[in-house]
1. Please give the charge dipole size of the stretch 3-99, origin at the Cα centre, charges +1 on K and R Cβ atoms and -1 on D and E Cβ atoms. Round to the nearest 20 debye.
2. For the chain, what does the helix formula give at 222 nm: sum of -39500 (n - 2.57) over DSSP H segments with n ≥ 4, over the residue count, nearest 500 deg cm²/dmol?
3. Which three numbers, in whole Å and largest first, are the semi-axes of the equivalent ellipsoid of the stretch 3-99 derived from its Cα gyration tensor as √(5λ)?
4. Within 10 Å, count the other beta carbons around each residue, average over each peptide in 70-77, 20-27, 35-42, and list them highest first.
Amino acid sequence: MNPEHIAISKSKGIEIDWEGGEHSSFPVELLRAECPCATCTGAHGTEPQKWTPEPNPFQMYKPRIAMETVESVGNYAIRIHWNDGHKTGIYSFDHLFKIRPLAATQS
């Protein structure tokens, strides 16, 4: 599945209008948690290092996860540079379509 339109909010996430009319909203927390890089998935035979939000009673002193930059990778993916220093994940459009949150009301 290919996107027809991609809208990016560095603090909120990514909105994609897919071919065929489907729309998906990806909050930044979901995108960071679903990073497809080798470190996060354990692709090198190591334990996956999945990102999870840290519960912090002093959240106002710790910046929330946000995208610093988003760049196109060919015609098949995007790479996100995160404010926590992580930047190795290449999010293919196939990967994004697989992890898309499904709409709450579907017929």
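Each reported figure results from applying straightforward, stated rules to the coordinates on display, with no laboratory input. Quick caveat: nothing in here was measured; it's all calculated off a predicted structure. Neighbour counts are summed over all protein chains in view; Cβ atoms, including those assigned to glycine, are modelled from backbone coordinates with ideal geometry.
1. Details: 9 positive and 13 negative charges, 85 e Å.
Roughly 400 debye for the stretch 3-99.
2. Details: 3 runs with 17 residues, N = 107.
After summing the helix terms and dividing by the residues of the chain, the value is -3500 deg cm²/dmol.
3. Sorted largest first and rounded, they come to 23, 18, 12 Å.
4. Output ranking for 70-77, 20-27, 35-42: 35-42, 20-27, 70-77.
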